1. Being under 23 Å from the mean Cα position of the chain (by Cα) and not assigned by TED's automatic domain parsing to the domain that holds residue 97, is that true of even one residue in segment 191-201?
2. Residue check: is residue 310 of a type outside the set (Asp, Glu) and in contact with a helix residue (DSSP H, G or I) (Cβ under 8 Å, 6 or more places away or on another chain)?
3. Identify, from the list 350, 332, the residue that is under 26 Å from residue 6 (Cβ atoms), out of contact with any Lys or Arg (no Cβ under 6 Å at 6 or more places or on another chain) and either free of Cβ contacts under 8 Å to residues at least 60 places away in the same chain or assigned to a helix (DSSP H, G or I) (or both).
4. Is there a residue being within 16 Å of the chain's Cα centre (by Cα) and touching a residue at least 40 places away in the same chain (Cβ under 8 Å) anywhere in segment 223-238?
5. From the residues in segment 248-303 that are within 21 Å of residue 102 (Cβ to Cβ) and charged (D, E, K, R), which one is modelled with the highest pLDDT?
6. Considering every residue within segment 13-29, establish whether at least one is touching a residue at least 12 places away in the same chain (Cβ under 8 Å) and in contact with a Lys or Arg (Cβ under 8 Å, 6 or more places away or on another chain).
7. Please tell me if residue 46 is modelled with pLDDT of 95 or more, buried (at least 23 other Cβ atoms within 10 Å of the Cβ) and of a type in the set (Phe, Trp, Tyr).
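The values are calculated or read from the model by the stated rules, or taken from the named source; none is laboratory data. As the structure is a prediction and not an experimental result, all values here were calculated from the model. Here the Cβ is made from the backbone with ideal geometry for all residues, glycine too, and neighbour counts use every protein chain on show.
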Amino acid sequence: MAVVPNVAVIGGDGIGPEVIDQAIRAADAAARRLDRTELRWTKLPWSTAYYKQTGRMLPADGWDTLAGHDAVLFGAVGDPSVPDKVTVHELLLPMRRRFDQYVNLRPAYLFAGVPCPLANKQPGQIDMLVYRENTEGEYAPVGGHLYPGTEHEVAVQTGVFTRRGCERILRAAFDAARTRPRKTLTSITKSNAQVYGLGLWDETFAAVRKDYPDVTSSSLLVDAAAMDFVRKPEVFDVVVASNLFGDILTDLSAAVTGSIGLASSANINPTKKYPSMFEPVHGSAPDIAGKGIANPLAAVLSAALMLDHLGLAAGAKGVRDAVAKVLAEGTVRTPDLGGTGTTTQMGDAVVAAIG
């Protein structure tokens, strides 16, 4: 069998290790059965527990270690005992920037067998890809405090928008729209209030769309988009947004498609100069960690995105088809889907359905 180079695995905190274990099982089964390929995994212990032992979220040579891999499969970081400015800002966000993972792709699909909180929505009717700019915008670490700890304290948080950053995420989204049956793209903005950063975004969108006459494209204010994600999510096909707007809207899209436990994501460096990272959207969920009831399907579907990125298209499709089959049958359901199934039982069902 052909050998795919190592995938680095960071289970992280909370339910992260639990769901990632099931994602590995599914990816292994799909790669072997459908792509005749053996995946190799390098498990790394970086987490809040590691931080408490060492004072670091990853070792001094950690970035070099990750750079030697084709991809990173990531569970979650975050623990109530340690501020997010440590767990998130010393591992997750720096990874996206250091490896130039400027495309954050978050699909939202309403599967058969999954209750939708919106009335009269049919399986497959909600089917969107959200492209979120992942390395700059509102999450750029630019700012600071003046007169900290006094009544005159000032906090400055600067959004950073570059023409290059806007253009490359817009082109990635337009390229994806070209491959979709509807060939429709919506750009999310708020330039009526954020006239400089989002003004540049809008100018870049207007320039880029001229190169894609085959794609029907439009611009929508983020507040209107939030309403329409609830009122009529079926109208959206490919959506492209800044770092903050994309983050918020994709949590909403996960909710309207039934559960954040189904929300997958990819942090992609399209050039493959650096590894891309694949993670469920749901976070570490410390309230249910260790109970064995977390839904692993977001992690499993993230692994399917990873298989796509690695060129293992048959395996990726096999994982998605297996997830769809298990959800449609409804024999195994985790609590977020209204059932009593365990994390492992859901993983077992998916693995059994692959191929």
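1. yes
2. In short, no.
3. None of the others qualify; the one that does is 350.
4. Yes, the conditions are met somewhere in segment 223-238.
5. Within segment 248-303, the match that is modelled with the highest pLDDT is 279.
6. Looking through segment 13-29, none of the residues is touching a residue at least 12 places away in the same chain (Cβ under 8 Å) and in contact with a Lys or Arg (Cβ under 8 Å, 6 or more places away or on another chain).
7. On the way: modelled with pLDDT of 95 or more: yes; buried (at least 23 other Cβ atoms within 10 Å of the Cβ): yes; of a type in the set (Phe, Trp, Tyr): yes.
Here the answer is yes, as residue 46 does meet what is asked.
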